[in-house]
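Worksheet: one structure, shown below.
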């Protein structure tokens, strides 16, 4: 770049990823907390890594177009946060590399009626060492399982925060987002600088 | 690749990557969907349609994802178009290395979210 960086101050943009099964409330969550109505963009994602540990897998590359919603929270004139909802279907689970590269952290939404839907997301972030928190999204009329039980069923490590949430309600969405930011804060404080280094994440 | 690729693509009304001259790779690999760009101050209006649109839009800083949403083009197309404009120095990139996110930035984020 030629010396001068023009007028606007340098803006740091932070990406957070919202993941979870189809229909778990990712877009609702983004809408509840974003300062703009969620925007939609299409992403072509390559699924070449699908079936990486499937012996019967024949190398093949397909592209799928998926809609992706995102929202924005402007922190100040030099810092902006973006929240990207991952495509929900499980079959897109391994197409997240583009989406998650460089993400500061992830929010996994879980629905206790379909808990297994978020396993893919949890596996993915654990493997990538991306800091994440789990929000148990409560739908009207569903039984509220104690969080300890949910944590146990998900088999996640004790260090990962699990909180109740209602993705429709801004105050509740805030708590979930704050839990993630706090979690990332603590990890950085304790010297874990690897989580966001998507490119060099081990085990890829 | 071609058979399957050609068949799936043939159904599309407009092949989005026509806008990029068929290119799907970004010239600047460091660009991400959340990367912010803005138009260099000495760039006049004009150029190809999509590029002209981006140049005008980015008079105020926008992320590439926002560029894609505004132009109603797939993210991959926006990446390539923005990459070209960056290479031509029509757009200035605000690079963010996530590794550089400091505790002070997190504190600002936390405080901001609290006020939402």
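Enter the mean number of other protein chain beta carbons within 10 Å of the beta carbon of each residue in B:56-65, as an integer. Mind dumping the intermediate values first?
On the way: counts 0, 0, 0, 1, 1, 9, 1, 8, 2, 11.
Taking all residues of B:56-65 together, the mean is 3.
Taken residue by residue and averaged, Cβ atoms of other chains lying within 10 Å of the Cβ of A:136-149 number 0.
Which of the peptides A:81-87, B:42-48 is most tightly packed, and how do the rest follow, judged by the mean count of other Cβ atoms within 10 Å per residue? Please list the in-between numbers first.
Working: A:81-87: 24.9, B:42-48: 11.4.
Put in order of decreasing packing, that is A:81-87, B:42-48.
Readers should treat all values here as calculations from the given coordinates under stated rules, not as data from a laboratory. Only a predicted model underlies this, so the values are computations on that prediction, with no experimental measurement involved. Quick reminder, even Gly has a Cβ in these numbers, built from the backbone with ideal geometry, and neighbours come from all protein chains shown.
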